[in-house]
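The values are calculated or read from the model by the stated rules, or taken from the named source; none is laboratory data. Keep in mind it's a predicted model, so treat the numbers as computed, not measured. Note that each Cβ is placed from the backbone with ideal geometry, even for glycine, and that neighbours are counted across all protein chains shown. Quick note on the areas: whole protein, heavy atoms, side chains included, nothing else; ligands and nucleic acids left out. Shrake-Rupley method; radii C 1.70, N 1.55, O 1.52, S 1.80 Å.
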Amino acid sequence: MTTPSLDLTPADAAIELRTVRDLIRYGVSRFNEADLDYGHGTTNAHDEAVFMVLEGLSLPIDQLDPYVDARLTLAERRKVADLLHARVETRKPASYLLNKAYIQGIPFYVDERVIVPRSYIGEILFSDLIGGDDFTLVEDPTEVERVLDLCTGSGCLAILAAQIFPEAQVDAVDLSADALEVAKRNVADSGFGDRIALHHGDLFAPLKNRKYDVIITNPPYVDAEAMAALPPEFRHEPEMALASGEDGLDIVRRILKEAPKHLTPEGGLLCEFGTGREILEAEYPDLDFFWVETANSFGEVFWLTRDQLKAAK
């Protein structure tokens, strides 16, 4: 796919475009012209341009209105114009160009050593399903003593878990040493370094016989057909953080097999795995999956208790 020519060079754009509004409009036009793909925190050209302009200017990404007609310095305009053009020319996700991604409004450092965090589990951890007044997966977050985040990547879910479960020690595991370097940076910035331990290894292997009250995981789950058809944006992400066999469920199967040995009697597993619900339900007819609904998904995250997992073995 060829990149369409741009009407202006970044230098020209910086001269002609004066306000935040101007730059956002320009970004939307260029992104639409280039037919970019999204899915790394935004879903359309407008939201992508807003994120890039505001983050590029170190402005709050959720407060456009106060700044939309603000006039910018030439240096600021040059910086943002360069970013917008780089998004088109490289097809890199915006979060890589800005080294920033947000989950639940919390910023995390990211680069191409990790996938851009976008897990539904963040929303679930901050919902009434954890410590709510009615039906909950975890009734009292303060009673959770140990949490495990498998395939931690940037460490974002481990950090969110440390916030939601204030008394818990959190272990975070990844097979990629490079990813753990990014996670180390985020953990240090989070203020939870005394409660989060990072481990290099394959799933449960580095944990020996440790048991957890809650296991959370957003493992690789892209199937072979989808991997072959990934848009350029997703090809900038580490393949090992995406691919998981022919049907995308190779790693999920391993987690289901091994998790019971690492859960406390009242413990449970929260797993995000993509769109393979029908495959899982057919392959594990004795497992009583609880499908967790989020604002933008249903049937892509499940919860299973240790007793349910053991009964189906």
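What's the extension gain from Asp69 to Ser297 if we count 0.36 nm per residue and subtract their Cα-Cα distance?
78.6 nm
Work out from phi, with θ = phi - 60° and the Karplus expression 6.51 cos²θ - 1.76 cosθ + 1.60, the ³J(HN,Hα) of each residue of the range 293-302, listed in order in whole Hz, and give x for Gly and Pro.
8, 10, 4, 10, 7, 8, x, 10, 9, 10
With springs only between Cα atoms under 10 Å apart, run a GNM on the chain and tell me which of Asn186, Asn44, Asn209 wobbles the most.
Asn209
Find the centroid of the Cα atoms in the range 100-152 and in the range 43-71, then give the distance between the two in whole Å.
The distance from the Cα centre of the range 100-152 to that of the range 43-71 comes to 25 Å.
At a temperature of 10 °C and a viscosity of 1.306 mPa s, determine how fast the range 225-313 diffuses translationally according to Stokes-Einstein, using the Kirkwood radius over alpha-carbon pairs as Rh; express D in µm²/s, rounded to the nearest whole number. List each step's numbers first, then the result.
Numbers: Rh = 14.3 Å.
The calculation lands on 111 µm²/s.
Mean projection of the alpha-carbon convex hull of the range 1-117 over all orientations, in nm²?
Over all viewing directions, the range 1-117 projects a mean Cα-hull area of 7.0 nm².
Can you run phi through the Karplus equation (6.51, -1.76, 1.60; θ = phi - 60°) for the range 266-277 and list ³J(HN,Hα) in whole Hz, with x for Gly and Pro?
In residue order, the calculated couplings are 9, x, x, 10, 10, 10, 9, 9, x, 10, x, 4 Hz.
Figure the gain on full extension for Glu266 and Glu143 (residue separation times 0.36 nm, minus the Cα-Cα span) and round it to one decimal in nm.
43.2 nm
Go ahead and run the numbers for FRET between Thr136 and Glu89, Cβ-Cβ distance against an R0 of 30 Å, rounding to 0.05.
0.05
Over the chain, with every protein chain in place, what whole percent of the accessible area is carbon and sulfur at 1.4 Å, could you tell me?
47
Below 8 Å between Cα atoms, with a sequence gap of 6+, how large is the relative contact order for the chain in percent?
13
Take the alpha carbon atoms of the chain, find their radius of gyration, then divide it by 2.2 N^0.38 Å using N residues; give the quotient.
1.07
Hey, rough spin-label estimate for His46 and Ala197, points 7 angstrom out along Cα→Cβ, what's it come to in nanometres?
The two pseudo-label positions are separated by 4.9 nm.
With runs of 4+ DSSP H residues as the only contributors, calculate the mean residue ellipticity of the chain at 222 nm using -39,500 (n - 2.57) per run, divided by the residue total and rounded to the nearest 500.
Theoretical 222 nm ellipticity from helices: -10500 deg cm²/dmol.
Quick check for me: using +1 on Lys/Arg Cβ and -1 on Asp/Glu Cβ, what's the dipole size of the chain about its Cα centre, in debye to the nearest 20?
The calculated dipole for the chain is roughly 940 debye.
Of the beta bridges DSSP finds with both residues in the chain, what % are antiparallel, to the nearest 5?
Here the antiparallel bridges make up roughly 35 percent for the chain.
Evaluate E = 1/(1 + (r/R0)^6) for Glu246 and Asp128, where r is the Cβ-Cβ distance and R0 equals 35 Å; express this FRET efficiency to the nearest 0.05.
The formula returns an efficiency of 0.40 here.
What's the longest uninterrupted piece of the chain once you rule out the chymotrypsin sites (Phe, Trp or Tyr not before Pro) that are loop residues per DSSP with at most 14 other Cβ within 10 Å?
That gives 136-297 as the longest site-free run.
May I ask you to derive the FRET efficiency for Ala229 and Phe290 from their Cβ-Cβ distance with R0 = 35 Å, giving the value to the nearest 0.05?
Computed FRET efficiency for Ala229 and Phe290 comes out at 0.65.
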